[in-house]
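Reviewing the structure listed below.
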Amino acid sequence: MNVHPGTAAGKDDLRRRIRRARRELSAPFREQAAQGFRRALSGLAHEHPHGPILAFLPTAEEPGLEPGLRDLLGTREVWLPVTQPDRHLTWSRWEEGTGFRATGPGGLLEPEGDRVPAAIRPAFVLVPCLAVDGRGIRLGMGGGFYDTFLTGLDESVERVGCIFARELLPAGALPADPWDAAVHRVLTERGIQRPAA
């Protein structure tokens with residue numbers, strides 16, 4: 001049950017607060033966290049040794065996934081999202097030499113190259129989040145792209161929310177709408193874990 005008055009307003013307020021807290025993270029913390037994300041991502045890839053990985057290229061404020069993703073480029077197919085009208089995503093394979101342009105919402109970098117609706121049977125999907133609660137409910141960036149994409153994805157494909165450990169909240173801490181797509185686990189700088197209800 002949603003106990004948050006004005007779900008949209010509640011989400012917007014939480015997004016502002018979390019983004020502000022992320023901007024205040026120190027450079028030494030971010031460097032150390034990036035190594036933790038790298039180890040956690042390597043572990044997740046070993047759990048799912050077959051199939052392409054649907055990922056995202058993080059912004060400066062988001063969890064530092066890029067070093068871990070670059071480690072995987074030599075051995076795994078890594079696909080990145082490209083936003084389309086009507087909150088849809090297509091995917092482009094990230095390879096050495098892939099070019100990027102600031103064509104996404106708010107100037108997000110998106111890969112150049114061929115685009116497909118989604119990789120066939122991905123190993124797992126890394127999902128950008130600002131927070132996740134104990135039910136697996138995620139607070140996304142507000143565009144609805146991942147809610148739309150995840151709704152059409154086979155439920156057996158693991159959805160992994162990417163957050164800082166302090167953004168894993170108790171069950172019921174996040175406002176939720178019926179269309180909000182949940183995640184199965186979270187990847188943080190401290191490792192991989194299931195949200196606990």
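The values are calculated or read from the model by the stated rules, or taken from the named source; none is laboratory data. Everything numeric in this text was worked out from a predicted model, so none of it was measured. Because the Cβ atoms are built from the backbone with ideal geometry, glycine has one as well, and the counts that use them run over all protein chains shown.
Would you mind finding the one in R159, R93, R101 that is crowded, with 18+ Cβ neighbours inside 10 Å and part of a strand (DSSP E or B)? Walk me through it before giving the result.
Working: R93 fails: crowded, with 18+ Cβ neighbours inside 10 Å; R101 fails: crowded, with 18+ Cβ neighbours inside 10 Å.
Answer to the selection: R159.
Using the structure shown, decide if R22 is over 24 Å from A171 (Cα atoms), under 18 Å from the mean Cα position of the chain (by Cα) and either among the basic types (K, R) or surrounded by 13 or more Cβ atoms within 10 Å (Cβ to Cβ) (or both).
No: the conditions fail for R22.
In this structure, is G106 assigned to a loop (DSSP other than H, G, I, E, B) and surrounded by fewer than 21 Cβ atoms within 10 Å (Cβ to Cβ)? Reasoning before the result, please.
Numbers: assigned to a loop (DSSP other than H, G, I, E, B): no; surrounded by fewer than 21 Cβ atoms within 10 Å (Cβ to Cβ): yes.
Criteria not met by G106.
For segment 132-147, give me each residue that is surrounded by fewer than 20 Cβ atoms within 10 Å (Cβ to Cβ), part of a loop (DSSP other than H, G, I, E, B) and at negative phi.
Hits for segment 132-147 are G134, R135, M141, G143.
Quick check on segment 56-74. Is at least one of its residues crowded, with 21+ Cβ neighbours inside 10 Å, among the hydrophobic types (A, V, I, L, M, F, W, C), in a strand (DSSP E or B) and touching a residue at least 40 places away in the same chain (Cβ under 8 Å)?
Looking through segment 56-74, none of the residues is crowded, with 21+ Cβ neighbours inside 10 Å, among the hydrophobic types (A, V, I, L, M, F, W, C), in a strand (DSSP E or B) and touching a residue at least 40 places away in the same chain (Cβ under 8 Å).
What is the one condition in (1) out of contact with any Lys or Arg (no Cβ under 8 Å at 6 or more places or on another chain); (2) modelled with pLDDT of 95 or more that R87 does not satisfy?
In the conditions (1) out of contact with any Lys or Arg (no Cβ under 8 Å at 6 or more places or on another chain); (2) modelled with pLDDT of 95 or more, R87 misses (2) alone.
Just one of T98, T90 is under 16 Å from the mean Cα position of the chain (by Cα) and touching a residue at least 12 places away in the same chain (Cβ under 8 Å); which is it? Show your work before the answer.
On the way: T98 fails: under 16 Å from the mean Cα position of the chain (by Cα).
Of T98, T90, the one residue that is under 16 Å from the mean Cα position of the chain (by Cα) and touching a residue at least 12 places away in the same chain (Cβ under 8 Å) is T90.
The conditions are (1) part of a loop (DSSP other than H, G, I, E, B); (2) surrounded by fewer than 20 Cβ atoms within 10 Å (Cβ to Cβ), and P175 fails exactly one of them. Which is it?
Every condition holds for P175 apart from (2).
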